[in-house]
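What follows is one structure encoded as structure tokens, with my remarks underneath.
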Amino acid sequence: MASQPDFIVQKLAIVELIEGADNCNYTWAGLQQTVPYILDSVDIITIRKFAQKLWRYMELYHEGLTGKLAEYVCKKFKSHRRIPKNELALFIQENNDKAYNNNKRS
């Protein structure tokens, strides 16, 4: 299906949305006019889910996790309102032990 010509030509919805918002000149006045319109076009549930995920990443970065490890932990604790500190500390310790053992073998 991915190799079909019409599938290849089809743009992502976000690309179409951005290209369709060409009435913004990116000045302060232009943004004040365009941003509320764009935000109204996005479902509030989507905004809340994104905000929750953003807070999880911020918490993980604050704890010192980055990159793939932060992404993994964020997925692991997806159903939690917040990442439990004791489990996060245990996870970090286990990961550090694995990294130490991998470096020791090399």
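Is it fair to say ALA89 is of a type in the set (Gly, Ala, Ser) and within 14 Å of the chain's Cα centre (by Cα)?
For ALA89, the condition - of a type in the set (Gly, Ala, Ser) and within 14 Å of the chain's Cα centre (by Cα) - is not met.
Return the pair list, or none, for Cβ contacts closer than 7 Å from residues in the range 28-47 that are touching a residue at least 24 places away in the same chain (Cβ under 8 Å) to residues that are part of a helix (DSSP H, G or I), at least 6 apart or on different chains.
Close Cβ pairs (under 7 Å, with a partner that is part of a helix (DSSP H, G or I)) do not exist here.
Which helices (runs of 4 or more DSSP H) does the range 1-101 wholly contain that include 1 or more residues that are loosely packed, with under 10 Cβ neighbours inside 10 Å and at pLDDT below 70?
Those helices (runs of 4 or more DSSP H) span 5-9, 13-20.
The values are calculated or read from the model by the stated rules, or taken from the named source; none is laboratory data. Everything quoted here is computed from the prediction, not taken from an experiment. Virtual Cβ from ideal backbone geometry, glycine too; neighbours counted across all protein chains shown.
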